[in-house]
Amino acid sequence: MPTNDLAIRFTEEKYATKGEVIKELKISSIDAFWNNITSYRSNFYHITPLKTIEKNTLFFCGCPSVNGNVSAVENRLLRVNRSYSSLFMHPTDLKYFEDSSLATCLKLLSDKLNVDLDAHFFRSLVRNDVQQLDKSVQPVANYLKALRFVKEAHVNAIDEDYLANLYAKLLGTEELTSFYRNSEDLNRENRVLIDRVYTCAPVANIEPMMNSLYSFIERSTLPAGVKAAISYFYINYVRPFDRYSDEIALLVAKSIIAHDSIGELAVLLPLEELLSNDSSNLMKLFTETQKSADLTYIANYFFTVLSNNANAMIERMANLNAEQMRQEFYQEDKKPAQEVQPQSVEEAPAVDSKDNKVSYKSEELAISYIPLALDEKQACLVEQDLLERDPSLRKREAHFYARHCTKGKKYTISQYKKAIGCVYETARTSMDHLAELGYYRKEKIKNKFVYVPISR
């Protein structure tokens with residue numbers, strides 16, 4: 001078989017490791033073949049600012065087949081967003097979906113922690129119905145607080161302060177007394193001199209490596225799923241904390257998807273299955289990525305999990321919608337006992353106190369127009385259209401704008417806060433972001449800022 005055909009086969013048909021190529025070709029020396037494979041792949045490399053402990057530059061291969069996987073994941077996330085938007089018309093279904101999704105995430109985490117809890121406990125915890133917690137289940141409750149922080153702060157920059165907040169939530173404390181790990185891992189693997197595989201970064205490397213990660217998250221133009229996969233690997237590789245590095249890696253991945261793709265909905269993705277105790281395959285990919293500096297191996301695995309998560313969410317929401325449609329279709333029509341003719345806006349009934357006869361008197365409204373407004377179904381369609389046209393627009397921002405876009409009106413941060421149900425700082429950041437994107441013009445009236453819709 002021609003060498004170039006092998007390069008395409010082991011890249012496009014299957015992004016194979018060197019060991020897998022040796023096994024499939026059944027020859028011990030494949031250096032010439034492997035060099036040709038990596039040469040082909042190098043045409044598609046995205047070089048990152050991230051380095052291994054041994055100072056090798058990490059890269060991601062965006063070859064056609066991998067790019068196809070990335071596009072498929074992005075499309076599924078978009079479909080998740082559309083389905084989620086449709087639930088806003090049915091608040092009960094929306095609440096059920098959000099609560100049950102959070103409960104699923106907590107169940108997967110408890111499996112990792114070997115904490116045996118029943119479904120009723122997770123439902124009660126999500127609904128804040130648990131009064132007292134046993135010490136063994138406190139980490140699960142703390143993780144729920146961290147998830148809710150990601151939801152509330154999904155527009156915030158993902159930096160050292162952001163991770164400090166996550167770490168504090170997981171530890172169950174208001175104030176951190178320490179942050180990055182300051183003790184070395186004494187695992188024997190870290191003392192191997194040849195072909196070393198690190199279980200974590202040396203203490204002296206943690207801060208500079210994490211600073212590189214923050215810079216990558218802020219500046220990289222790679223799709224959200226790719227950035228999330230790379231960040232998930234890198235935090236697990238560095239292991240910057242004495243505890244909960246696994247959980248923080250996962251929460252940061254969700255935060256990136258929230259920040260760059262589907263907003264707070266990302267919190268509900270059950271990526272916690274990556275914390276499964278049955279992780280031998282994942283560990284092999286971590287080792288291969290560390291040795292080769294090729295992030296594509298771990299990214300492909302992450303894409304599979306993320307895609308499965310998205311498909312499962314779409315199916316669950318479709319089932320909810322189908323049930324709602326059945327209820328609406330088969331609901332019996334209740335006809336009024338008597339037909340009532342609509343009254344004119346200009347006339348209102350008045351009762352004559354002498355003979356109890358109803359008469360009409362003329363009334364006038366102070367306004368001579370009917371304010372324009374979209375009904376909820378129209379607003380949902382506008383919201384979906386906005387998200388499909390403008391990938392930089394966040395889910396909650398599109399939701400608010402679709403319902404607050406009347407020319408000539410002036411909207412406030414407080415309105416956003418009330419409509420979305422978020423903290424004031426999140427509302428301010430979101431309204432400013434909408435202004436930056438050209439949806440509103442920011443004006444100051446006395447000591448208060450208002451936001452005026454701009455014609456588009």
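The values are calculated or read from the model by the stated rules, or taken from the named source; none is laboratory data. No experiment lies behind these values; they were computed from the predicted model shown. When we count neighbours, we look across all protein chains shown, and the Cβ atoms used for this are built from the backbone with ideal geometry, even at glycine. For the accessible areas, the whole protein counts, side chains as well, though only heavy atoms, and no ligand, DNA or RNA atoms are used. Shrake-Rupley method; radii C 1.70, N 1.55, O 1.52, S 1.80 Å.
Please list, ordered by chain and number, the residues whose modelled amide H lies under 5 Å from the amide H of TYR440; skip anything fewer than 5 residues away on the same chain. Those qualifying (amide H under 5 Å, at least 5 residues apart or on another chain) are ALA435, ILE454.
For the chain, the relative contact order comes to 16 percent (Cα pairs under 8 Å, sequence separation of at least 6).
Taking a ≥ b ≥ c as the square roots of the eigenvalues of the Cα gyration tensor, region 83-183 is classed as oblate, since a/c reaches at least 1.5 and a/b does not exceed b/c. Tell me whether region 209-281 comes out rounded, prolate or oblate; compute the Cα gyration tensor, take square roots of the eigenvalues as a ≥ b ≥ c, and use a/c under 1.5 as the rounded threshold. It is oblate, given that a/c is not under 1.5 and a/b is not larger than b/c. The accessible area of ASP93, taken with all protein chains in place and a 1.4 Å probe, comes to roughly 20 Å².
Using a cut-off of 9 Å between beta-carbons, work out the net charge of the residues near LEU109 (Lys and Arg +1, Asp and Glu -1, LEU109 not included).
Once positives and negatives cancel, what remains is -1.
Largest accessible area first, the residues CYS63, CYS405 order themselves as CYS405, CYS63 under a 1.4 Å probe with ligands, DNA and RNA left out. Distance cut-off 30 Å, Cα to Cα: go down the list LYS26/LYS291; LYS145/LYS418; LYS169/LYS418; LYS55/LYS112; LYS254/LYS448 and report the pairs above it. Flagged as over cut-off: LYS55/LYS112; LYS254/LYS448. Given axes a ≥ b ≥ c from the Cα gyration tensor, I'd like to know whether region 33-141 is rounded (a/c under 1.5), prolate (a/b larger than b/c) or oblate. Oblate.
Fully extending the segment from LYS407 to VAL203, taken as 0.36 nm per residue of separation minus the present Cα-Cα distance, adds 67.8 nm.
Our Cα-only numbers for the chain put the radius of gyration and Dmax at 27.6, 110 Å. If contacts are Cα pairs under 8 angstrom and at least 6 residues apart, what is the relative contact order of region 20-105 in percent? Rounded, it is 14 percent for region 20-105.
Nothing charged except the Cβ atoms of Lys and Arg (+1) and of Asp and Glu (-1): what's the magnitude of the dipole of the chain about its Cα centre? Round to the nearest 20 debye.
Dipole magnitude for the chain comes out near 740 debye.
Report the trypsin sites (Lys or Arg not before Pro) located in region 200-270 that are in a DSSP loop and have at most 14 other Cβ atoms inside 10 Å of their Cβ, or state none.
Those that pass, being in a loop and sparsely packed, are ARG243.
Extending 7 Å from Cα along the Cβ direction at THR177 and again at ILE30 yields two label points whose distance is 5.3 nm.
So for the chain: antiparallel DSSP bridges make up what percent, rounded to the nearest 5?
Numbers: 16 of 17 bridges.
Expressed as a percentage, antiparallel bridges in the chain total about 95.
If you roll a 1.4 Å probe over the chain with all protein chains in place, what percent of the accessible area is carbon or sulfur? That fraction is 49 percent.
Distant-in-sequence amide contacts of ILE53, defined by a placed amide H-H separation under 5 Å and a gap of 5 or more residues or a different chain, comprise nothing.
Computed with a 1.4 Å probe over protein heavy atoms only, the accessible area of LEU171 comes to about 60 Å².
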